Amino acid sequence: MTPHEFLTKWRANELKERSASQSHFNDLCALLGVVDPISADPRGEWFTFEKGASKTSGGEGWADVWRRECFGWEYKGRHANLDRAYNQLLQYSVALENPPLLIVSDMDRIVIRTNWTNSVQEKHEFALDDLTDGAVRDRLKAAFTDPESFKPQKSRQELTEETAGEFAGLAQRLRDRGHEAHRVAHFVNQLVFCMFAEDVGLLPDNLFTKMLEVSRSDPDRFTAHAAMLFGAMAQPGGTVGFTAIDLSSGWRGFACSIPPADRAISFMWRCVRSRISSIARTSTPKRWACRAASRAWGPNACWGSS
């Protein structure tokens with residue numbers, strides 16, 4: 001199958017997930033020059049559709065496609081929430097022998113997430129039109145033939161230490177401006193928590209990222225914006241505008257704020273847009289924040305109980 005034939009067929013597709021997923025996958029195999037599951041493994045022992053799997057949370061389900069030591073693959077209908085599809089696939093990963101790649105698709109997009117233990121998770125996303133590029137097709141084919149090529153180079157520990165060093169630099173700049181050390185540590189912990197609370201869905205609607213976007217263009221208003229967000233997070237049933245923030249009984253410790261320098265806002269923006277949020281995949285946001293902060297400026301940096 002040529003890229004033009006593949007795009008022509010699937011750009012116009014309006015079929016439901018169940019009706020289209022296996023046909024889409026078989027066509028993708030033909031496009032990439034990979035033998036399809038039924039032809040490659042008629043017994044379904046190592047490459048198969050609808051691989052039965054037990055969920056880590058209990059109950060039974062299946063992955064739409066599974067290839068041993070390569071990937072688990074979950075399809076959803078067009079324009080579906082692929083983050084939810086990934087979370088569903090993640091529940092099957094143990095039963096699927098912990099494949100190194102977890103892949104989700106709505107037939108318009110293909111999203112590959114790495115799944116190696118103790119490594120930073122990386123995400124690779126490809127749109128339908130990207131498949132006209134031979135390099136993109138080669139990259140996708142590697143998911144079948146060379147999944148190790150996707151393996152991240154940094155471990156979570158290495159990235160944690162690297163990021164902690166950057167946060168230590170930010171904290172030092174704030175102390176150099178005359179702010180008291182404990183308040184600086186407390187403030188930076190708040191920022192770290194916001195990043196990961198947003199990443200795992202405790203902080204909805206990308207509120208922290210949006211607050212930074214506004215503050216980058218008008219740094220003088222950062223203190224007011226941060227106070228509004230932190231205040232809502234500290235109160236049970238708090239809201240920012242019409243967006244409710246559900247942190248159970250509130251997150252004690254979000255009572256104060258320190259206005260950072262322009263460079264600090266730029267630093268936080270880089271952190272939000274970078275891959276450091278993947279460190280939180282195996283730890284609670286607060287626990288990670290405390291660990292990173294402790295490495296950056298001492299064991300007494302964290303607020304509240306662990």
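Nothing in this text is a laboratory measurement; each read-out follows from the coordinates by a stated rule. All values reported here derive from a predicted model rather than from experimental measurement. So basically every Cβ, Gly included, is an ideal-geometry build from the backbone, and we count neighbours across all protein chains shown.
What is the distance in Å between the Cα centroid of region 102-141 and that of region 168-224?
Between the Cα centres of region 102-141 and region 168-224 lies a distance of 32 Å.
Roughly speaking, what is the stretch gain from Thr132 to Val94, that is 0.36 nm per residue apart minus the C-alpha to C-alpha distance, in nm to one decimal?
Contour length minus Cα-Cα distance gives 10.3 nm.
Placing +1 at every Lys and Arg Cβ and -1 at every Asp and Glu Cβ, with all other atoms neutral, what dipole size does region 74-188 have around its Cα centre, in debye to the nearest 20?
Dipole about the Cα centre, nearest 20: 340 debye.
Explain nothing, just the number: relative contact order of region 1-97, from Cα pairs under 8 Å at least 6 residues apart, as a whole percent. Numbers along the way, then the final one.
Values: 114 pairs, mean separation 20.8, N = 97.
Relative contact order here is 21 percent.
Under 1.5 on a/c is rounded, so check that first for region 3-150, then, if it is not, pick prolate when a/b is larger than b/c and oblate when it is not; a ≥ b ≥ c are the square roots of the alpha carbon gyration tensor eigenvalues.
Rounded shape, in that the Cα axes give a/c under 1.5.
Among Val184, Val94, which comes first, then next, by fewest other beta-carbon atoms within 10 Å?
Sorted ascending by nearby Cβ count, the order is Val94, Val184.
Enumerate by residue number the chymotrypsin sites (Phe, Trp or Tyr not before Pro) in region 22-98 meeting two conditions: DSSP loop (anything except H, G, I, E, B), and at most 16 other Cβ atoms within 10 Å of the site's Cβ.
Answer in residue order: Trp46.
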